[in-house]
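Engineer: Attaching a single structure in structure tokens format; questions to follow.
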């Protein structure tokens with residue numbers, strides 16, 4: 001059998017569509033619940049699909065707890081963005097307990113997360129209630145700053161040379177931090193920013209940037225990343241919250257590049273890392289309260305074998321046979337890297353024994369306060385979704401993982417006799433694909449290709465990137481069509497380099513746009 005052609009080599013539309021179907025099959029095998037969602041809703045017009053986001057199920061057994069979490073959100077947002085924004089976010093969550101948990105905590109620039117929030121924002125854009133005007137993202141900061149989905153370490157944009165192949169990844173954080181976890185990372189400094197700006201000038205001299213682009217990039221970096229309130233933030237997570245808040249409205253402008261011409265106000269983007277929210281909520285409300293269900297999960301020895309039994313093998317939790325994941329919390333090593341913790345006779349211990357924390361309220365509280373550990377994805381899901389009952393719009397992995405967590409949690413609760421708690425989580429919605437893995441924002445390159453846009457591309461582009469443009473576009477494309485260009489990248493997220501089939505890496509978003517007829521729809 002002949003080897004597959006390299007990515008980008010000319011293929012017929014039929015060949016591209018055939019590879020697309022193979023990629024879908026591979027993705028659905030890893031995330032079958034995502035496959036079910038796409039089979040059920042893939043043919044829906046995107047705007048109609050996104051309207052369903054606003055349908056939040058009442059959860060009578062959990063709703064009384066929500067003010068506790070909302071109060072903590074208000075406190076944290078106030079500390080980063082001021083009292084007016086904090087109060088506004090709290091009012092909205094009280095009326096509409098809906099958040100996105102699809103994103104990595106970074107500048108909202110990668111097509112995965114950029115499009116997730118644009119699509120999530122469509123039903124909010126024309127909402128009649130003036131107090132519903134925020135897109136609230138509880139983003140995950142438990143990834144490395146160099147993670148390819150988000151690249152929190154710096155900026156992503158197209159250089160404008162050689163069509164779509166000229167993706168620039170501009171680091172701002174120093175190389176020594178590239179494997180550090182976003183949650184524990186120190187803030188970048190003026191010196192870091194100046195070095196990155198000098199790299200822009202080097203790339204311009206090397207011919208990697210289109211004429212005039214460096215000047216626009218430098219001005220935008222200074223405005224958004226170089227402001228005093230950002231540089232004076234106490235940690236990297238707070239910097240990213242402040243950057244995203246002021247950066248988001250600048251993405252949406254008319255064809256001349258002017259902002260503020262939308263028919264309605266674009267909802268403000270609130271990025272709050274879920275690990276800080278869960279940590280502070282546990283410290284404030286659960287570690288010292290033995291009657292709390294979350295307290296029991298963390299500290300009741302009788303529940304530990306049940307946690308190991310019911311959550312075994314669920315992505316975001318842990319697997320003993322698979323030798324992956326962590327038990328409720330991740331540890332940090334001296335370099336700020338995430339470390340797996342294993343349950344060992346009532347203690348959380350790293351494999352090398354360097355980290356050894358007793359599973360008691362005092363020891364866990366001290367470790368959380370000193371950022372020696374952070375909540376796992378499972379602990380975050382249990383807290384925000386399954387204890388407080390927030391509706392979480394998720395990414396293409398979450399819709400599968402959170403659904404499995406809900407069922408496992410329900411079975412555990414029934415096994416310990418907590419029937420009312422098991423019944424209380426039934427209305428919690430977990431199959432809510434919030435736009436991650438879909439692409440609504442695109443870029444036309446100098447060579448005429450159509451490619452998924454990064455955030456800075458939208459700021460710098462002279463085309464129509466108004467929110468009205470995306471609302472109109474969402475009314476003529478389907479959910480399945482908007483996922484198509486991102487299928488190859490979704491495949492690389494779910495399969496390691498050793499697991500990948502080269503044939504499935506042989507098509508590009510440009511070829512998908514052409515083969516599916518999306519190019520004509522996007523430019524209609």
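Engineer: Using Cα-Cα distances under 8 Å and only pairs 6 or more residues apart, what relative contact order does the range 434-524 have, in percent?
Structural biologist: Value for the range 434-524: 33 percent.
Engineer: Using Cβ counts within 10 Å as a stand-in for footprinting exposure, how do 445, 430, 326 rank, fewest first?
Structural biologist: 445, 430, 326
Engineer: Pulled fully out, how much extra length does the chain show between residue 320 and residue 39, if you take 0.36 nm times their separation in residues and subtract their Cα-Cα distance?
Structural biologist: Result: 97.9 nm gained on full extension.
Engineer: Relative contact order, percent, of the range 135-286 when contacts are C-alpha pairs under 8 Å separated by at least 6 residues?
Structural biologist: 29 percent
Engineer: Treating the Cα atoms of the range 324-442 as identical point scatterers in vacuum, please give the log10 of the normalised Debye intensity I(q)/I(0) at q = 0.12, 0.21 Å⁻¹, two decimals.
Structural biologist: Log10 of I(q)/I(0), two decimals: -0.57, -1.13.
Engineer: Find how much the distance from residue 309 to residue 219 grows on full extension, using 0.36 nm per residue of separation minus their present alpha carbon separation; answer in nm with one decimal.
Structural biologist: Working it through step by step, the gained length comes to 27.0 nm.
Engineer: Once you have the Cα-Cα distance between residue 75 and residue 194, take 0.36 nm times their residue separation minus that, and quote the gain in nm to one decimal.
Structural biologist: Using 0.36 nm per residue and subtracting the Cα-Cα distance, I get 39.6 nm.
Engineer: Expressed as an acute angle from 0 to 90° and rounded to the nearest 10, what is the orientation of the C-alpha long axis of helix 274-285 relative to the principal long axis of the chain?
Structural biologist: Taking the Cα atoms of the chain, the angle to 274-285 is about 20 degrees.
Engineer: Given axes a ≥ b ≥ c from the Cα gyration tensor, I'd like to know whether the range 145-202 is rounded (a/c under 1.5), prolate (a/b larger than b/c) or oblate.
Structural biologist: Because a/c hits 1.5 or more and a/b fails to exceed b/c, the range 145-202 counts as oblate.
Engineer: A further question on this structure: How high is the relative contact order of the chain, given as a whole-number percent (alpha carbon pairs under 8 Å, six or more residues apart)?
Structural biologist: Contact order relative to length: 26 percent.
Engineer: Where does each of 107-120, 366-379, 407-420, 84-97 land if you order them by average Cβ count within 10 Å, highest first?
Structural biologist: Highest-to-lowest ranking by the protection proxy: 107-120, 366-379, 84-97, 407-420.
Engineer: Right, something else. Kirkwood hydrodynamic radius, the range 6-81, all distinct C-alpha pairs: what's the number in Å?
Structural biologist: 17.2 Å
Engineer: Right, another one. Using a 7 Å offset from Cα along Cα-Cβ at residue 492, what residues in the range 92-125 end up with backbone N under 17 Å from the label point?
Structural biologist: 109-114
Engineer: Efficiency by 1/(1 + (r/R0)^6): what FRET value for residue 503 and residue 476, r their Cβ-Cβ distance, R0 = 30 Å, to the nearest 0.05?
Structural biologist: Efficiency, rounded to the nearest 0.05: 0.40.
Engineer: Something else now. To the nearest 10 degrees, how steeply does helix 236-247 sit against the main Cα axis of the chain, on a 0 to 90 scale?
Structural biologist: Its long axis makes an angle of about 40 degrees.
Engineer: Could you tell me the largest-minus-smallest coordinate of the C-alpha atoms of the range 150-304 on each of the three principal axes, in descending order and whole angstroms?
Structural biologist: That works out to 65, 44, 32 Å along the principal axes.
Engineer: Which of rounded, prolate, oblate describes the range 301-381, given a ≥ b ≥ c as roots of the alpha-carbon gyration tensor eigenvalues and a/c under 1.5 marking rounded, otherwise prolate only if a/b is larger than b/c?
Structural biologist: prolate
Engineer: May I pose another question? Give the shape of the range 85-169 as rounded, prolate or oblate, defined through the alpha-carbon gyration tensor: a ≥ b ≥ c are the square roots of its eigenvalues, a/c under 1.5 means rounded, and otherwise the shape is prolate if a/b is larger than b/c and oblate if not.
Structural biologist: prolate
Engineer: Would you calculate a helix-derived [θ] at 222 nm for the chain, using -39,500 (n - 2.57) for each DSSP H run of n ≥ 4 and dividing by the full residue count, to the nearest 500?
Structural biologist: The helix-only estimate for the chain comes to -13000 deg cm²/dmol at 222 nm.
Engineer: Within a 10 angstrom radius of the beta carbon, how do 99, 230 rank from fewest other beta carbons to most?
Structural biologist: 230, 99
Engineer: Tilt of helix 32-41 relative to the longest C-alpha principal axis of the chain, in degrees (0 to 90, nearest 10)?
Structural biologist: 60 degrees
Engineer: Rounded to the nearest 5, what % of the DSSP beta bridges within the chain are antiparallel ones?
Structural biologist: About 65 percent, rounded to the nearest 5.
No lab work stands behind these numbers, since they all come straight from the coordinates. Fair warning: this is a prediction, and the values are worked out from it, not measured in the lab. Backbone-built Cβ (ideal geometry, glycine too); neighbour counts: all protein chains shown.
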